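Right, one structure below, let's go through it.
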Amino acid sequence: MPVSPRPVLSSGASKVDEYAATAGAYDLFAAPYRSVQLAALDELMPRLRPEVGPILDIGAGSGVNAAVMLDRLSDARVVALEPSRAMRSLILSRIAAHSEWYRRVTVRPEDFFSASLPERIGGAILLGVIGHFDPGERAAVLAELAARLPEGGAALLDLQQPERPRRVEPYEFTAATIGELSYRGIAEAWPVDTELMRWRMSYLCLEGERVLTEDTAEYEYRHPAPAVVAVEAEAVGLSLVPLADGVHWLVERA
């Protein structure tokens, strides 16, 4: 798919909760892309060092990735950052079904620059997040990761399509039928500058052709070229390593 399959549903700080519109069916709308994301997490797993510190999940969203860490790494702790109240309700509901996780996970209601970060981390996840940061903030995030990751440690991020800002005509990025109702997600976007795009995401619930609910969210998101992020990573002692899917990247500390 040539364009971003979903809005950025976990983010930096915002006074307006941009994700309230999609939180009601977040995992449903993201389901078609989950297998690719899980494959990327599989690539990250051998590089995690949970004995060094917690796994930092930046923009944890509904908690699907934090749950993978907690489920598959019995000795791992997770610090999940999620400033969206709507999205936090999803991650906390997920955790509520697993009382055995309670002592191993902390869900902080802050963005990256507001939260008290662990001094050392065993790895990090930044999915659907990096485009929320401008170039200066992005460099600061990478520097903070470099200072906290152990040698040989890594973080996972995605650089969402399109690689360069351009006009994206409206298209259906996901659809599903649950019982008697169907759900559709429609996206379109406009270029703002050489890195920034403005996205409009519409989420519909339908009974046949009748629209029962329609929620729309608009937000700005950056699409830095991989070569740009690679230079920024190298400046702080990190390497940007592409995964085979062309969307996900490992940020490794030598």
GNM flexibility winner over the chain from Leu38, Leu196, Leu48 (Cα, springs under 10 Å): Leu38
Normalised contact order of the stretch 8-104, rounded percent, pairs of Cα under 8 Å and 6 or more residues apart: 36 percent
Between 0 and 90°, nearest 10: helix 135-148 axis offset from the chain longest Cα axis: 40 degrees
For the stretch 136-183 versus the stretch 42-60, the gap between their alpha-carbon centres in whole angstrom: 17 Å
Most fluctuating residue given options Val229, Val211, Val141, as computed from a GNM of the chain linking Cα atoms under 10 Å: Val211
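Classify the stretch 61-181 as rounded, prolate or oblate from the Cα gyration tensor: take a ≥ b ≥ c as the square roots of its eigenvalues, call it rounded if a/c is under 1.5, otherwise prolate when a/b beats b/c and oblate if not.
oblate
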Rounded to the nearest 10 Å², the accessible area of Glu151 at probe 1.4 Å: 140 Å²
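Give the relative contact order (percent, whole number) for the stretch 120-254; include only Cα pairs under 8 Å separated by 6+ residues.
After rounding, I find 27 percent.
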Only Lys, Arg (+1) and Asp, Glu (-1) charged, at Cβ; the chain dipole about Cα centre in debye: 420 debye
Residue-averaged 222 nm ellipticity for the chain, from DSSP H runs of 4+ at -39500 (n - 2.57), nearest 500: -7500 deg cm²/dmol
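Of the beta bridges DSSP finds with both residues in the stretch 65-195, what % are antiparallel, to the nearest 5?
For the stretch 65-195, the DSSP antiparallel bridge percentage is about 55.
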Within a Gaussian network of the chain (alpha carbon springs, distance under 10 Å), most fluctuating of Ala147, Ala40, Ala66: Ala147
Rounded accessible area of Tyr102 (nearest 10 Å², 1.4 Å probe): 120 Å²
Using alpha carbons only: equivalent-ellipsoid semi-axes of the chain, gyration tensor based, whole Å: 29, 22, 16
Exposed trypsin sites (Lys or Arg not before Pro) absent - longest run of the chain, DSSP non-H/G/I/E/B, at most 14 other C-beta within 10 Å: 16-119
The chain: relative contact order as a whole-number percent, Cα under 8 Å and 6+ apart: 21 percent
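The values are calculated or read from the model by the stated rules, or taken from the named source; none is laboratory data. Everything numeric in this text was worked out from a predicted model, so none of it was measured. Cβ: placed from backbone, ideal geometry, glycine included. Neighbour counts: every protein chain shown. Heavy atoms of the whole protein, side chains included, go into the accessibility calculation; ligands, DNA and RNA do not. Shrake-Rupley method; radii C 1.70, N 1.55, O 1.52, S 1.80 Å.
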